[in-house]
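Inspection log for the structure reproduced underneath, given as structure tokens.
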Amino acid sequence: MLVLSRKTNEAIQIGEDIELKVIAIEGDQVKLGVHAPKHIDIHRKEVHLAIQEENSEAAASNVSLLEKLSKQFES
């Protein structure tokens, strides 16, 4: 993991398209601004993990449904 120090109004550039800017520091909370192309999804980590879990559950239920349908056609 790369660790960088930044002060308020300083930024970090990721590739050509993404910029992270420190907007404010209030106590133990840091507010970040993200400039990125619209086609790039940006989520808080816990939201990203929840989306991944929901997608995995949906995929598993789809496989289960397909297996049930397949068995019906085999009979």
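The values are calculated or read from the model by the stated rules, or taken from the named source; none is laboratory data. Since the structure is predicted, the reported quantities are computational estimates derived from the model, not experimental observations. All Cβ positions, glycine included, derive from the backbone under ideal geometry; neighbour counts span all protein chains shown.
Considering only residues that are of a type outside the set (Ser, Thr, Tyr) and surrounded by 11 or more Cβ atoms within 10 Å (Cβ to Cβ), which ones fall in segment 1-12?
6, 10, 11, 12
From 19, 54, which residue is within 21 Å of the chain's Cα centre (by Cα) and either modelled with pLDDT under 95 or hydroxyl-bearing (Ser, Thr, Tyr) (or both)? If you could, list the steps in order and put the result at the bottom.
Working: 19 fails: either modelled with pLDDT under 95 or hydroxyl-bearing (Ser, Thr, Tyr) (or both).
Being within 21 Å of the chain's Cα centre (by Cα) and either modelled with pLDDT under 95 or hydroxyl-bearing (Ser, Thr, Tyr) (or both) holds for just one of 19, 54, which is 54.
Please go through segment 25-41 and pick out each residue that is surrounded by 10 or more Cβ atoms within 10 Å (Cβ to Cβ) and within 14 Å of the chain's Cα centre (by Cα).
34, 36
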